[in-house]
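The values are calculated or read from the model by the stated rules, or taken from the named source; none is laboratory data. Here the structure is a predicted model, which means the values were calculated and not measured. When we count neighbours, we look across all protein chains shown, and the Cβ atoms used for this are built from the backbone with ideal geometry, even at glycine. Each accessible area value is taken on the protein alone, full model and side chains, heavy atoms only, with ligands, DNA and RNA left out. Shrake-Rupley method; radii C 1.70, N 1.55, O 1.52, S 1.80 Å.
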Amino acid sequence: MEGQAPDGLWEGLSALVAAEGFAVLRVEHEGMIHGANGLTDFQARTVAVRTNMDDAAQVKTLAHELGHVRLHGPDNPDWDRHRGTGEVEAESVALMIGAAHGMDTSSYSVPYVSGWAGTVKGKEPAEVVQATGERVRKTAAAILDALDTVQLAMRERGIDRDLIGGGDE
């Protein structure tokens, strides 16, 4: 992803990460976090994002890592513990957070989600994505509701909460 991040989104996401008891670290390059764009360390209670990406990519990555924080902690009973499922969920949350702020992350997010969904043994990628949908929707909606940022209306994002059973969180 290229370009600037929406105003206040980094700060808002950082505050939500901090509210979960994690420190946000900005690292110089991917070599410092095992070649990744970002990394959540549940034991150290840190979320690291590399700074050698455009601002928009850094914010998308922070949203992805917040997805991990909210969905994949070691005490979370609803997580199936498969890395592929976890990556599908976290990136799908990031895609929804980005879309709510006018960021099109699909050129990165769709191949990423497809690739990880294909690693879940015994399930077709579409089954994995479908199975994660409600957890992703609820998590993304809760994050969006907690942010004090300018967001597109749900219908402008192509999402109708009434059709997907939401709107009351």
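The number of residues in region 86-108 being open to solvent by less than 10 Å² (accessible area, probe 1.4 Å) and over 13 Å from LEU144 (Cβ atoms) comes to 6. Pairs linking a residue in region 9-38 that is within 21 Å of LEU152 (Cα to Cα) to a residue that is part of a helix (DSSP H, G or I) and among the acidic types (Asp, Glu), with Cβ atoms under 8 Å and 6 or more positions apart or on different chains, are TRP10/ASP55. Within region 18-60, if we keep just the residues that are surrounded by 20 or more Cβ atoms within 10 Å (Cβ to Cβ) and under 23 Å from ASP75 (Cα atoms), the residue that is farthest from the chain's Cα centre (by Cα) turns out to be PHE22. Look at region 74-102: where a residue is farther than 15 Å from THR139 by Cβ and in contact (Cβ under 8 Å) with a residue 60 or more places away in the chain and a partner is assigned to a helix (DSSP H, G or I) and open to solvent by less than 20 Å² (accessible area, probe 1.4 Å), sitting 6+ places away or on another chain with Cβ atoms under 7 Å, you get HIS101/LEU9. Pairs meeting the criteria (first residue in region 120-144 and under 12 Å from GLY84 (Cβ atoms) and open to solvent by 20 Å² or more (accessible area, probe 1.4 Å), second residue of a type in the set (D, E, K, R) and not in a helix (DSSP H, G or I), beta carbons under 8 Å, at least 6 apart or on different chains) are ALA131/LYS123.
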